[in-house]
Amino acid sequence: IGYSTVPDRQAFPIAERMHSANLALTLFPRLTFIARGVVPTDADKAIDTNRDLVAGDLRLLLKDGPWWPAIAVGGSDIGGAAPHFRAYYGVLSKTLFGNLRMTAGLGRGPDVLKGFFGGIEYAIHPILTMMAEYDGKAVTPALRLFPTPVEWERRGYPRPTVDVALTEGKEVSWGVTLRGSL
């Protein structure tokens, strides 16, 4: 479960702010279902009615191993009247040394995930991770804070994370995600 204010200017170029809530459910070990609701706004509220509901899935084809990356494929906003986030993509992901993770993907979509995208995460400390992502147009640096102990998640309690990002090199955006197991 997550909430974010990061505006997606590729899908909504004039949006000054965006309220985005998402839910990802992994019901099977290699299949995740994704749902997202988006409300972009501008100063005049002229685009406030241009809302979008997104559904998609992510399929893990191969788990990260000692000598090979994880491989996943997915789709987003596959049906519906407003295809702002429609995309099909493939992703390679590899964790190295226990605290460094690199991701590279290739996507096909009308507004987002067009071409190459990728990211890198480095866990400085168990409660703090530095990140950067490239969405096909710009690099976004970010910090992820885990304000509660990892034992919460191990015991089945939801564990919040807080992401703070510098979007387009000038705006600070934030997001909160609640992670847990049922």
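The values are calculated or read from the model by the stated rules, or taken from the named source; none is laboratory data. Since the model is a prediction, treat every value here as computed from it, not as a measurement. Note that we place each Cβ from the backbone using ideal geometry, even for glycine, and neighbour counts take in every protein chain shown. Keep in mind that these areas ignore ligands, DNA and RNA; they rest on the heavy atoms of the full protein, side chains included. Shrake-Rupley method; radii C 1.70, N 1.55, O 1.52, S 1.80 Å.
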Of the residues that make up the range 81-90, is at least one of a type in the set (Phe, Trp, Tyr), under 26 Å from residue 55 (Cα atoms) and buried (at least 17 other Cβ atoms within 10 Å of the Cβ)?
yes
Does residue 180 satisfy the condition of being modelled with pLDDT of 95 or more and either surrounded by 13 or more Cβ atoms within 10 Å (Cβ to Cβ) or in contact with an Asp or Glu (Cβ under 7 Å, 6 or more places away or on another chain) (or both)?
no
When the range 123-182 is checked residue by residue, the ones that are over 18 Å from residue 20 (Cα atoms) and β-branched (Val, Ile, Thr) are 124, 127, 129, 139, 148, 150
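Give the number of residues within the range 94-129 that are among the charged types (D, E, K, R) and either within 15 Å of the chain's Cα centre (by Cα) or more than 22 Å from residue 77 (Cα to Cα) (or both).
Residues in the range 94-129 being among the charged types (D, E, K, R) and either within 15 Å of the chain's Cα centre (by Cα) or more than 22 Å from residue 77 (Cα to Cα) (or both): 3 in total.
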Does residue 134 qualify as being open to solvent by 50 Å² or more (accessible area, probe 1.4 Å) and at pLDDT 90 or above?
yes
Pick from the range 103-121, criterion in contact with a Ser or Thr (Cβ under 7 Å, 6 or more places away or on another chain) and of a type outside the set (Gly, Ala, Ser), ranking: least open to solvent (accessible area, probe 1.4 Å):
103
Picking from 93, 173, the residue that is polar (S, T, N, Q), open to solvent by less than 70 Å² (accessible area, probe 1.4 Å) and in contact (Cβ under 8 Å) with a residue 40 or more places away in the chain would be 173
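Restricting attention to the range 124-179, which residues are in a strand (DSSP E or B) and among the charged types (D, E, K, R)?
Applying the first criterion (in a strand (DSSP E or B)) to the range 124-179 yields 124-125, 128-134, 139-145, 159-167, 171-179.
Matches in the range 124-179: 133, 144, 159, 163, 171, 179.
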